[in-house]
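Peer 1: Right, I'll just put the structure down here and ask away after.
The values are calculated or read from the model by the stated rules, or taken from the named source; none is laboratory data. Bear in mind that the values here come from a model prediction, so they are computed numbers and not experimental data. Cβ: placed from backbone, ideal geometry, glycine included. Neighbour counts: every protein chain shown. Note: areas computed on protein heavy atoms with side chains; ligands, DNA, RNA excluded. Shrake-Rupley method; radii C 1.70, N 1.55, O 1.52, S 1.80 Å.
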Amino acid sequence: MSDSATPQPLSTWNFLGVLAVCLIGSSTTWADDPVRTLSSQDIQGTTAGERTINSVKIPFCWCPPGKFTMGSPDQESHRHDDEGQVEVTFEHGFWISQHEVTEAEYKLITNRSPRSSLGENYPAADMRSGDARRFAEMLTKREKEAGQIPDDWEYAMPTEAQWEYACRAGTSTSFCFGDSEQMLPEFGNFADKQLLSFDPSEYRYSDSRLDDGFPTLAPVESYRANPWGIYDMHGNVWEWCLDEYSPKLPRGKNPQGPERGNGQGRVIRGGSWLSHYHYCRSAMRNAHHDLNSAPYIGIRIVLCPKLRNSERERQ
(Lines give C-alpha, C1' and ligand atoms only; values in the text may rest on other atoms or scores of the structure.)
Protein backbone atom coordinates (compact mmCIF):
# COMPACT_ATOMS: atom_id res chain seq x y z
CA MET A 1 0.00 0.00 0.00
CA SER A 2 1.28 3.47 -0.69
CA ASP A 3 0.33 7.10 -0.43
CA SER A 4 2.04 10.44 -0.44
CA ALA A 5 1.84 10.21 3.35
CA THR A 6 4.01 7.09 3.21
CA PRO A 7 6.78 8.13 0.80
CA GLN A 8 9.40 5.92 -0.78
CA PRO A 9 12.75 5.76 1.08
CA LEU A 10 14.61 9.05 0.98
CA SER A 11 17.56 9.66 -1.26
CA THR A 12 20.96 9.26 0.43
CA TRP A 13 21.77 12.97 0.54
CA ASN A 14 18.30 14.00 1.64
CA PHE A 15 18.27 11.40 4.40
CA LEU A 16 21.67 12.53 5.65
CA GLY A 17 20.21 16.00 5.98
CA VAL A 18 17.26 14.59 7.91
CA LEU A 19 19.63 12.81 10.29
CA ALA A 20 21.50 16.03 10.99
CA VAL A 21 18.32 17.91 11.86
CA CYS A 22 17.12 15.07 14.10
CA LEU A 23 20.10 15.50 16.42
CA ILE A 24 18.53 18.69 17.79
CA GLY A 25 16.42 18.21 20.92
CA SER A 26 16.69 14.80 22.57
CA SER A 27 15.07 15.22 25.97
CA THR A 28 12.58 12.63 27.25
CA THR A 29 9.89 12.58 29.90
CA TRP A 30 10.20 9.03 31.22
CA ALA A 31 8.73 8.23 34.59
CA ASP A 32 11.42 7.49 37.18
CA ASP A 33 9.52 5.18 39.52
CA PRO A 34 8.00 2.11 37.85
CA VAL A 35 5.48 0.12 39.84
CA ARG A 36 7.52 -3.09 39.92
CA THR A 37 9.97 -5.34 38.07
CA LEU A 38 8.66 -8.22 36.00
CA SER A 39 8.91 -11.66 37.56
CA SER A 40 7.95 -15.11 36.29
CA GLN A 41 6.11 -15.63 39.60
CA ASP A 42 4.16 -12.36 39.17
CA ILE A 43 3.77 -11.89 35.41
CA GLN A 44 0.17 -10.66 35.26
CA GLY A 45 -0.82 -7.04 35.58
CA THR A 46 -3.92 -5.92 37.44
CA THR A 47 -5.13 -2.58 36.07
CA ALA A 48 -5.03 -0.93 32.64
CA GLY A 49 -1.89 1.13 32.25
CA GLU A 50 -0.04 -0.45 35.17
CA ARG A 51 3.66 0.11 34.57
CA THR A 52 6.55 -2.31 35.00
CA ILE A 53 10.08 -2.87 33.75
CA ASN A 54 11.91 -6.02 32.75
CA SER A 55 15.45 -7.04 33.74
CA VAL A 56 17.04 -4.82 31.06
CA LYS A 57 14.98 -1.79 32.15
CA ILE A 58 12.58 -1.69 29.20
CA PRO A 59 9.28 -0.22 30.49
CA PHE A 60 5.93 -1.85 29.70
CA CYS A 61 2.26 -1.00 30.23
CA TRP A 62 -0.47 -3.52 31.03
CA CYS A 63 -3.36 -4.07 28.61
CA PRO A 64 -6.02 -6.03 30.53
CA PRO A 65 -8.33 -8.76 29.21
CA GLY A 66 -11.39 -7.24 27.58
CA LYS A 67 -13.44 -6.51 24.49
CA PHE A 68 -13.27 -3.70 21.95
CA THR A 69 -14.48 -2.72 18.51
CA MET A 70 -11.61 -2.78 16.03
CA GLY A 71 -11.66 -0.62 12.91
CA SER A 72 -13.47 2.63 12.21
CA PRO A 73 -17.15 3.59 11.82
CA ASP A 74 -18.43 4.53 8.37
CA GLN A 75 -18.64 8.21 9.31
CA GLU A 76 -15.01 8.57 10.44
CA SER A 77 -13.16 11.17 8.42
CA HIS A 78 -10.46 9.83 6.08
CA ARG A 79 -11.33 6.17 6.79
CA HIS A 80 -10.33 3.46 4.31
CA ASP A 81 -12.36 0.51 3.04
CA ASP A 82 -10.16 -2.00 4.88
CA GLU A 83 -11.16 -0.58 8.29
CA GLY A 84 -14.55 -2.32 8.51
CA GLN A 85 -15.39 -2.78 12.18
CA VAL A 86 -15.18 -6.16 13.95
CA GLU A 87 -15.58 -7.26 17.55
CA VAL A 88 -12.48 -8.53 19.33
CA THR A 89 -12.10 -10.24 22.71
CA PHE A 90 -8.84 -10.71 24.58
CA GLU A 91 -9.11 -13.57 27.05
CA HIS A 92 -5.62 -12.81 28.36
CA GLY A 93 -3.99 -9.51 29.15
CA PHE A 94 -0.59 -8.55 27.79
CA TRP A 95 2.23 -6.06 28.32
CA ILE A 96 3.19 -3.64 25.56
CA SER A 97 6.38 -1.60 25.48
CA GLN A 98 5.75 1.89 26.85
CA HIS A 99 7.62 3.42 23.94
CA GLU A 100 9.05 2.36 20.61
CA VAL A 101 12.20 0.24 20.96
CA THR A 102 15.10 2.67 21.25
CA GLU A 103 18.52 2.46 19.67
CA ALA A 104 20.03 1.77 23.09
CA GLU A 105 17.60 -1.10 23.75
CA TYR A 106 18.13 -2.56 20.29
CA LYS A 107 21.93 -2.49 20.63
CA LEU A 108 21.80 -3.99 24.13
CA ILE A 109 19.82 -7.05 23.04
CA THR A 110 21.12 -7.68 19.51
CA ASN A 111 24.66 -6.26 19.81
CA ARG A 112 23.96 -4.49 16.51
CA SER A 113 23.41 -0.88 15.58
CA PRO A 114 20.35 0.21 13.57
CA ARG A 115 20.98 1.03 9.92
CA SER A 116 20.35 4.69 10.73
CA SER A 117 21.60 6.08 14.02
CA LEU A 118 20.54 9.33 15.71
CA GLY A 119 21.05 8.71 19.41
CA GLU A 120 20.28 6.30 22.23
CA ASN A 121 16.79 7.68 23.01
CA TYR A 122 15.59 7.75 19.42
CA PRO A 123 13.52 4.90 18.00
CA ALA A 124 15.54 2.17 16.31
CA ALA A 125 14.43 3.05 12.78
CA ASP A 126 15.08 1.69 9.31
CA MET A 127 13.96 -1.72 10.55
CA ARG A 128 12.86 -4.81 8.60
CA SER A 129 10.28 -7.16 10.10
CA GLY A 130 13.06 -9.71 10.57
CA ASP A 131 14.88 -7.21 12.78
CA ALA A 132 11.78 -6.89 14.95
CA ARG A 133 11.32 -10.65 15.14
CA ARG A 134 15.00 -11.21 15.99
CA PHE A 135 14.91 -8.57 18.73
CA ALA A 136 11.85 -10.20 20.32
CA GLU A 137 13.30 -13.71 20.10
CA MET A 138 16.65 -12.68 21.59
CA LEU A 139 14.94 -10.79 24.42
CA THR A 140 12.70 -13.80 25.13
CA LYS A 141 15.74 -16.10 25.33
CA ARG A 142 17.58 -13.70 27.62
CA GLU A 143 14.64 -13.20 29.97
CA LYS A 144 13.82 -16.90 30.19
CA GLU A 145 17.42 -17.79 30.97
CA ALA A 146 17.30 -15.18 33.74
CA GLY A 147 14.05 -16.67 35.08
CA GLN A 148 12.15 -13.42 34.49
CA ILE A 149 9.29 -14.78 32.37
CA PRO A 150 7.49 -18.16 32.43
CA ASP A 151 7.92 -20.73 29.66
CA ASP A 152 4.46 -20.10 28.20
CA TRP A 153 5.06 -16.34 27.74
CA GLU A 154 7.15 -14.62 25.06
CA TYR A 155 8.14 -11.28 23.60
CA ALA A 156 6.82 -10.73 20.08
CA MET A 157 5.67 -8.19 17.58
CA PRO A 158 2.09 -7.26 18.51
CA THR A 159 -0.74 -8.73 16.52
CA GLU A 160 -2.68 -6.09 14.65
CA ALA A 161 -5.53 -6.50 17.15
CA GLN A 162 -3.20 -6.10 20.13
CA TRP A 163 -1.71 -2.99 18.58
CA GLU A 164 -5.06 -1.24 18.04
CA TYR A 165 -6.38 -2.30 21.45
CA ALA A 166 -3.33 -0.72 23.10
CA CYS A 167 -3.49 2.38 20.90
CA ARG A 168 -7.16 3.03 21.62
CA ALA A 169 -6.72 2.40 25.36
CA GLY A 170 -10.47 2.28 25.89
CA THR A 171 -11.35 5.02 23.40
CA SER A 172 -13.44 4.76 20.24
CA THR A 173 -12.48 8.02 18.52
CA SER A 174 -10.20 8.67 15.55
CA PHE A 175 -7.25 9.24 17.88
CA CYS A 176 -6.71 8.26 21.52
CA PHE A 177 -7.58 11.85 22.53
CA GLY A 178 -10.61 12.51 20.30
CA ASP A 179 -11.59 13.08 16.68
CA SER A 180 -9.92 16.40 15.92
CA GLU A 181 -6.39 16.50 14.53
CA GLN A 182 -5.84 19.85 16.26
CA MET A 183 -4.52 18.10 19.38
CA LEU A 184 -2.28 15.67 17.50
CA PRO A 185 0.87 17.83 17.95
CA GLU A 186 0.58 17.17 21.69
CA PHE A 187 0.54 13.39 21.18
CA GLY A 188 2.63 12.56 18.15
CA ASN A 189 5.15 13.36 15.44
CA PHE A 190 3.78 13.62 11.89
CA ALA A 191 4.07 15.61 8.65
CA ASP A 192 3.52 19.14 9.93
CA LYS A 193 4.81 22.66 9.30
CA GLN A 194 8.23 21.70 10.68
CA LEU A 195 8.68 19.02 8.01
CA LEU A 196 7.28 21.35 5.35
CA SER A 197 9.86 23.97 6.29
CA PHE A 198 12.63 21.39 6.08
CA ASP A 199 11.92 20.67 2.40
CA PRO A 200 8.83 22.44 0.95
CA SER A 201 9.18 20.67 -2.39
CA GLU A 202 9.45 17.05 -1.28
CA TYR A 203 7.12 17.35 1.71
CA ARG A 204 4.50 19.65 0.19
CA TYR A 205 1.71 17.37 1.47
CA SER A 206 2.59 18.31 5.09
CA ASP A 207 -0.03 20.16 7.14
CA SER A 208 1.12 23.76 7.55
CA ARG A 209 -1.53 24.45 10.21
CA LEU A 210 -0.02 22.12 12.81
CA ASP A 211 3.34 22.08 14.61
CA ASP A 212 4.60 19.10 16.64
CA GLY A 213 7.97 20.68 17.42
CA PHE A 214 10.21 18.33 15.40
CA PRO A 215 10.98 18.49 11.67
CA THR A 216 11.78 14.78 11.51
CA LEU A 217 12.20 11.87 13.93
CA ALA A 218 11.76 12.65 17.63
CA PRO A 219 13.19 10.93 20.72
CA VAL A 220 10.74 8.49 22.30
CA GLU A 221 8.32 9.89 24.87
CA SER A 222 8.62 13.43 23.52
CA TYR A 223 4.81 13.73 23.53
CA ARG A 224 1.88 12.96 25.80
CA ALA A 225 0.94 9.34 26.52
CA ASN A 226 -2.44 7.76 25.77
CA PRO A 227 -4.90 6.91 28.60
CA TRP A 228 -2.96 3.71 29.40
CA GLY A 229 0.37 5.49 29.64
CA ILE A 230 1.70 4.33 26.25
CA TYR A 231 3.72 6.81 24.19
CA ASP A 232 4.13 7.42 20.45
CA MET A 233 1.20 5.32 19.22
CA HIS A 234 0.40 8.17 16.82
CA GLY A 235 3.31 8.96 14.51
CA ASN A 236 7.12 9.03 14.92
CA VAL A 237 7.71 5.62 13.25
CA TRP A 238 5.37 3.05 11.76
CA GLU A 239 5.50 -0.12 13.87
CA TRP A 240 5.66 -3.69 12.58
CA CYS A 241 2.84 -6.07 13.50
CA LEU A 242 2.86 -9.86 13.46
CA ASP A 243 0.04 -10.19 10.91
CA GLU A 244 0.34 -10.36 7.16
CA TYR A 245 -1.96 -7.80 5.56
CA SER A 246 -5.51 -8.81 4.61
CA PRO A 247 -8.27 -6.46 3.38
CA LYS A 248 -10.45 -7.70 6.25
CA LEU A 249 -9.60 -7.25 9.90
CA PRO A 250 -9.23 -10.35 12.11
CA ARG A 251 -12.07 -10.86 14.56
CA GLY A 252 -13.14 -13.01 17.51
CA LYS A 253 -11.11 -14.23 20.47
CA ASN A 254 -7.40 -13.44 20.63
CA PRO A 255 -7.36 -12.95 16.85
CA GLN A 256 -4.40 -13.04 14.55
CA GLY A 257 -4.41 -12.24 10.85
CA PRO A 258 -3.31 -14.63 8.12
CA GLU A 259 0.12 -16.24 8.19
CA ARG A 260 0.33 -15.62 4.47
CA GLY A 261 -1.13 -12.52 2.90
CA ASN A 262 -2.11 -11.36 -0.56
CA GLY A 263 1.32 -10.15 -1.57
CA GLN A 264 0.93 -6.64 -0.10
CA GLY A 265 3.23 -7.32 2.83
CA ARG A 266 3.09 -7.27 6.61
CA VAL A 267 0.95 -4.85 8.59
CA ILE A 268 2.51 -1.66 9.93
CA ARG A 269 0.59 0.65 12.21
CA GLY A 270 0.64 4.13 13.74
CA GLY A 271 1.95 6.47 11.05
CA SER A 272 5.29 8.26 11.15
CA TRP A 273 7.05 11.62 11.02
CA LEU A 274 6.54 11.46 7.23
CA SER A 275 2.79 10.75 7.44
CA HIS A 276 -0.13 13.11 6.98
CA TYR A 277 -2.16 13.35 10.19
CA HIS A 278 -4.95 11.06 9.02
CA TYR A 279 -2.42 8.25 8.55
CA CYS A 280 -1.85 8.42 12.32
CA ARG A 281 -5.44 7.50 13.23
CA SER A 282 -5.98 4.55 15.60
CA ALA A 283 -7.68 2.47 12.89
CA MET A 284 -5.35 3.34 10.01
CA ARG A 285 -3.80 0.27 8.36
CA ASN A 286 -0.79 0.02 6.10
CA ALA A 287 1.57 -2.70 4.90
CA HIS A 288 5.22 -3.02 3.99
CA HIS A 289 7.28 -5.86 2.55
CA ASP A 290 9.27 -7.84 5.10
CA LEU A 291 12.66 -7.45 3.45
CA ASN A 292 12.41 -3.70 2.92
CA SER A 293 13.56 -1.31 5.62
CA ALA A 294 12.77 2.40 5.69
CA PRO A 295 13.77 5.35 7.89
CA TYR A 296 10.14 5.71 8.98
CA ILE A 297 9.63 2.12 10.29
CA GLY A 298 10.53 0.92 13.78
CA ILE A 299 9.64 -1.62 16.45
CA ARG A 300 7.28 -2.01 19.39
CA ILE A 301 6.96 -5.30 21.25
CA VAL A 302 4.51 -7.09 23.51
CA LEU A 303 5.00 -9.64 26.26
CA CYS A 304 2.12 -12.07 26.22
CA PRO A 305 1.10 -15.73 26.50
CA LYS A 306 2.18 -17.72 23.46
CA LEU A 307 -0.62 -17.63 20.91
CA ARG A 308 -2.03 -21.12 20.30
CA ASN A 309 -3.18 -22.01 16.79
CA SER A 310 -6.59 -22.99 18.15
CA GLU A 311 -7.11 -19.40 19.30
CA ARG A 312 -6.65 -17.88 15.86
CA GLU A 313 -9.86 -16.78 14.20
CA ARG A 314 -9.58 -15.37 10.72
CA GLN A 315 -12.21 -13.92 8.46
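Peer 1: Leaving out ligands and nucleic acids, and using a 1.4 Å probe, what accessible area per residue does segment 81-141 come to in Å²?
Peer 2: I get 38 Å² per residue for this part.
Peer 1: Where in segment 176-218 are there trypsin sites (Lys or Arg not before Pro) that are in a DSSP coil and have at most 15 other Cβ atoms within 10 angstrom of their Cβ?
Peer 2: Arg204, Arg209
Peer 1: To the nearest 500 deg cm²/dmol, what mean residue ellipticity at 222 nm is calculated for the chain from DSSP H runs of n ≥ 4 alone, each contributing -39,500 (n - 2.57), summed and divided by the residues?
Peer 2: When only DSSP H runs of four or more count, the value is -5000 deg cm²/dmol.
Peer 1: Pick the calculated Rg/Rh (Cα atoms, Kirkwood Rh) for this structure from [x] 0.99; [y] 0.94; [z] 1.02?
Peer 2: Only one listed value fits the structure, namely [y].
Peer 1: A further question follows. Mind listing the long-range amide H neighbours of Ala294? Cut-off is under 5 Å, sequence gap 5 or more, other chains count too, H placed in the peptide plane at 1.01 Å from N.
Peer 2: Counting only residues 5 or more places away or on other chains, the set is Asp126, Met127.
Peer 1: While we're on this one: Would you mind calculating the relative contact order of segment 69-147 from Cα pairs under 8 angstrom and at least 6 residues apart, reporting the percent as a whole number?
Peer 2: It rounds to 20 percent for segment 69-147.
Peer 1: Hey, can you grab everything whose amide H is under 5 Å from the amide H of Arg266? Only 5+ residues off in sequence or another chain; H modelled, so Pro and N-termini drop out.
Peer 2: Those lying under 5 Å, H to H, from Arg266 are Tyr245, His288, His289, Asp290.
Peer 1: Still on this structure, I have one more. Contact order normalised by length for the chain, with contacts defined as Cα pairs under 8 Å and 6 or more residues apart; what percent is it?
Peer 2: Result for the chain is 24 percent.
Peer 1: Tell me, how many Å apart are the Cα centres for segment 80-128 and for segment 140-213?
Peer 2: First find each Cα centre; the distance between them is then 9 Å.
Peer 1: Apply the Karplus parameterisation 6.51 cos²θ - 1.76 cosθ + 1.60, with θ equal to phi minus 60°, to every residue of segment 47-53 and state each ³J(HN,Hα) to the nearest whole Hz, in sequence, with x for glycine and proline.
Peer 2: My calculation for segment 47-53 gives 10, 4, x, 3, 10, 8, 10 Hz in order.
Peer 1: Tell me which GluC sites (Glu not before Pro) from segment 187-248 have a DSSP coil assignment and no more than 15 other beta carbons within 10 Å of their own.
Peer 2: Counting only loop positions with at most 15 other Cβ atoms within 10 Å, the GluC sites (Glu not before Pro) in segment 187-248 are Glu202.
Peer 1: Please report the carbon-and-sulfur percent of the accessible area for the chain; probe 1.4 Å, protein heavy atoms only, DNA, RNA and ligands left out.
Peer 2: 47 percent
Peer 1: I'd like the chymotrypsin sites (Phe, Trp or Tyr not before Pro) in segment 32-98 restricted to DSSP loop residues with at most 10 other Cβ atoms within 10 Å, sorted by number.
Peer 2: Hits after loop and neighbour filter: nothing returned.
Peer 1: Here is a follow-up. Around Asn254, which amide H atoms from residues at least 5 apart in sequence, or from another chain, sit under 5 Å from its own amide H, with H modelled in the peptide plane?
Peer 2: For Asn254, the qualifying residues are Thr89, Phe90, Glu91.
Peer 1: Cα to Cα, under 18 Å, and not fewer than 8 places away if on the same chain: which lysines meet these conditions relative to Lys144?
Peer 2: Lys57, Lys306
Peer 1: Obtain the nm distance between the two label points defined at Asp211 and Ser117 by a simple spin-label model: each point lies 7 Å from its Cα along the Cα-to-C-beta direction.
Peer 2: For Asp211 paired with Ser117, the spin-label model returns 3.4 nm.
Peer 1: Using a Gaussian network for the chain with springs between C-alpha atoms less than 10 Å apart, which of these wobbles most: Val56, Val267, Val237?
Peer 2: Val56
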